[in-house]
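Structure below; questions to follow.
The values are calculated or read from the model by the stated rules, or taken from the named source; none is laboratory data. Bear in mind that the values here come from a model prediction, so they are computed numbers and not experimental data. Cβ sites come from the backbone with ideal geometry, for glycine too, and all protein chains shown count toward neighbours.
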Amino acid sequence: MESLPAEIWMTIFSYACTDDGSTGRSISLVSRWFWDTSRSIKHQSLVVKGVNQIAGIASMLERLPPELRRVQYLSVRVHHRDMNKRSISVEDGVILLGDRDARESECGVSAHTQSGIHDRSMVVLSHMLQMIAPQLRVLHLWLPISSPSRLLPSTLPSIIELRLTSNDMRGQHLDTRSVCTAPQRYPSLRRLRLGMLHHQHGLFGRIAKLAPGITHLHFCIPEHTHLYRELERALRVGDAGMDVEKENLLPETIQRISVQMGPTPNAGKYPAWASMRKTMRLNLEKVARQDKRVVLVRLGSEGASLSSGPET
């Protein structure tokens with residue numbers, strides 16, 4: 001390293017800071033100094049895909065001392081097809097160290113019975129989140145279970161953005177009833193995104209308790225719901241918001257609430273669904289007119305979310 005000009009190293013290190021991690025990994029293999037120096041930031045951004053990576057990364061993190069588990073940005077994506085494979089188990093030699101029953105008790109979930117979580121990989125993921133909770137700032141979970149919120153630690157003191165999406169193929173929707181129940185407290189949370197959300201009474205009151213400083217909410221509603229009624233109450237707009245208890249209101253810190261609707265059903269094949277969706281859209285547009293912080297979004301041609309006015 002001493003033989004190369006500083007300008008060359010600056011260029012190399014700029015790649016190490018901006019690429020997919022391959023430059024940093026390559027330098028670590030040939031430079032002991034770089035390997036030692038980068039240990040404290042090596043795992044600050046992680047993308048985990050599939051149950052095998054969950055097991056491997058959780059095992060790796062557990063072997064590290066706590067001061068080196070500085071994961072700040074984590075994205076976990078598991079497709080429902082992965083859950084159909086043979087479940088990870090202690091006998092595979094890739095799960096966490098220690099007693100299996102103790103781990104399940106510590107995580108607060110059972111691999112077979114509690115919370116509708118039937119795969120041991122979710123127990124491993126729950127424990128991994130516990131290990132990195134103090135430093136975690138951004139967390140995205142895309143999981144084939146209806147209650148990914150049950151995997152979350154009771155406190156995430158540094159979390160500023162949280163995204164929960166259920167891709168449960170059994171027809172279940174995201175269950176948010178455990179998102180905002182005591183003793184969960186996320187005082188730094190500013191952005192919350194809930195995907196595949198089915199209407200659940202009292203959701204906004206629970207969000208207010210979970211994150212009193214929340215500024216941005218995003219909901220994806222795949223089918224007919226009465227979310228607009230909850231919005232009216234939580235924002236105190238329209239007749240529905242007149243007699244609402246204070247604990248069911250959203251905090252005054254809210255700046256934007258985005259509601260993304262699912263695809264439009266074929267009116268010829270599914271006239272009832274198409275009619276209900278139209279009614280839901282009209283009601284959401286009414287709420288958006290009454291409170292400018294509410295925005296109805298739709299999917300563009302490339303899958304991007306676009307601000308939407310009244311549809312024709």
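Scan segment 1-20 for residues that are under 29 Å from Leu125 (Cα atoms) and loosely packed, with under 13 Cβ neighbours inside 10 Å and report the count.
Adding up the residues that qualify gives 4.
Could I ask something else about it? So, in segment 29-75, exactly how many residues are in a loop (DSSP other than H, G, I, E, B) and of a type in the set (Gly, Ala, Ser)?
The qualifying residues number 4.
Something else about it: Name every residue in segment 253-271 that is modelled with pLDDT of 80 or more and more than 30 Å from Arg190 (Cβ to Cβ), in order of residue number.
Pro271
Only one of Leu282, Leu250 is outside any loop (DSSP other than H, G, I, E, B), modelled with pLDDT of 80 or more and surrounded by 12 or more Cβ atoms within 10 Å (Cβ to Cβ); which?
Numbers: Leu250 fails: outside any loop (DSSP other than H, G, I, E, B).
Only one candidate passes the filter, namely Leu282.
Looking at the structure I just gave you, is Ala102 surrounded by 13 or more Cβ atoms within 10 Å (Cβ to Cβ) and either within 30 Å of Arg191 (Cβ to Cβ) or modelled with pLDDT under 55 (or both)? Before the answer, list the steps.
Numbers: surrounded by 13 or more Cβ atoms within 10 Å (Cβ to Cβ): no; either within 30 Å of Arg191 (Cβ to Cβ) or modelled with pLDDT under 55 (or both): yes.
So Ala102 fails the test.
Mind listing whichever residues of segment 142-162 are of a type in the set (A, V, I, L, M, F, W, C), in a loop (DSSP other than H, G, I, E, B) and surrounded by fewer than 21 Cβ atoms within 10 Å (Cβ to Cβ)?
Ile160
Name every residue in segment 37-65 that is at pLDDT below 90, among the small types (Gly, Ala, Ser) and more than 20 Å from the chain's Cα centre (by Cα), in order of residue number.
Within segment 37-65, Ser38, Ser40 meet the criteria.
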